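Data block below; observations after.
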Amino acid sequence: MFNPSCAIFIISCETNQQVVNLLIQSIRQQISHTVSIYVSSDGPLLITDPSVRVLIGQEEVFGDRVAAALEQVTEERVIVFCDDFIVEKPAKIEELEELLSLMEEDTSIASIALSQISGGNTPERIAEHYIRRTKCAPYKTTLQCAIWKKSSLIQFIKGSPSPWEFEIYHNFKTYLTKEKFYALEDDMFQPIPYNRGKLIIRGKVVKPEKERLEELLGYSLDLSDFPETESFVQGENLTVGYRLKRKIKLLEKEIIYRLKSKIKNKKE
């Protein structure tokens, strides 16, 4: 039986009904038939698995909507998925159980990313293949298949306009906490083998990835609601001015939160 203190928490939206059903199907096949699954959405979803609970939020801000949904989850920890992930192979349940036990023993652990996160790692390990992130490491606030302490995720995600902004800008909030963050050192050791969101890129189904998954899983993926593309690379459609503003904003936040962290440390 999967650890009862942990649930699966999927971040989705009304327009992604087809893809979230495919993710749920893969979770049931590859992880657990009994683990609780919650889906946070901005509107109604027709979910084929009757045991899944859909949490529809009325909040306009993405992060506030997700936080409100998390408040309704009874479990203390959640494994977070974005809805365009597909679990490709059976999960390593014993390894997941071990990580959850470690989080129960050390409540200062906010998150353990179950995928490789580049940059900002320390030599410290919590378990084989799992390394601690540095205080000012990027992407600690990841939604890329991570085990989160629910209360910590609620705290960090509130106010975030989008998943992207949460992973980039809200990461600076972690500079001010004493909580610990860990990540997998290499994707070759994934305890939950998944496709890292390569199936749908900028609203288009990547046909080569769809065909690869269908061959691997042994069944067809119904994604008829989405246009198709042959390429894994889709243009961002961002102006030079916007990119410059984004870089300036990142630099400003980096400086501000590093200063806040130093001031906080001196007071303590």
Filter the range 154-169 for residues that are under 14 Å from Ser111 (Cα atoms) and touching a helix residue (DSSP H, G or I) at 6+ places or on another chain (Cβ under 6 Å) and give the result. Ile154, Phe156, Ile157
Has the range 22-33 got at least one residue that is free of Cβ contacts under 8 Å to residues at least 60 places away in the same chain, among the charged types (D, E, K, R) and surrounded by fewer than 17 Cβ atoms within 10 Å (Cβ to Cβ)? no
Number of the exception - Val73 against (1) in contact with a Phe, Trp or Tyr (Cβ under 8 Å, 6 or more places away or on another chain); (2) under 27 Å from Val205 (Cα atoms): (2)
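Rundown of residues vs (1) under 29 Å from Lys173 (Cα atoms); (2) assigned to a loop (DSSP other than H, G, I, E, B); (3) touching a helix residue (DSSP H, G or I) at 6+ places or on another chain (Cβ under 9 Å), yes/no style:
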{"position": "Phe9", "(1), (2), (3)": "yes, no, yes"}
{"position": "Gln18", "(1), (2), (3)": "no, no, no"}
{"position": "Asn21", "(1), (2), (3)": "no, no, no"}
{"position": "Ser26", "(1), (2), (3)": "no, no, yes"}
{"position": "Gly63", "(1), (2), (3)": "yes, no, yes"}
{"position": "Ala67", "(1), (2), (3)": "yes, no, yes"}
{"position": "Leu70", "(1), (2), (3)": "yes, no, yes"}
{"position": "Val73", "(1), (2), (3)": "yes, yes, yes"}
Of the candidates Ile79, Ile157, the one satisfying the condition of being among the aliphatic types (A, V, I, L, M), buried (at least 23 other Cβ atoms within 10 Å of the Cβ) and within 29 Å of Glu211 (Cβ to Cβ) is Ile79
Here, strands (runs of 3 or more DSSP E) confined to the range 99-141 with at least 3 residues that are surrounded by 19 or more Cβ atoms within 10 Å (Cβ to Cβ) and among the small types (Gly, Ala, Ser) are 109-116
Tally, over the range 41-82, of residues that are within 24 Å of Phe2 (Cβ to Cβ), among the charged types (D, E, K, R) and under 16 Å from the mean Cα position of the chain (by Cα): 1
The one condition Pro50 fails out of (1) closer than 24 Å to Ile192 by Cα; (2) of a type outside the set (S, T, N, Q); (3) outside any loop (DSSP other than H, G, I, E, B) is (3)
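Each reported figure results from applying straightforward, stated rules to the coordinates on display, with no laboratory input. Everything numeric in this text was worked out from a predicted model, so none of it was measured. With ideal geometry, Cβ positions are generated from the backbone for all residues, glycine too; neighbour counts draw on all protein chains shown.
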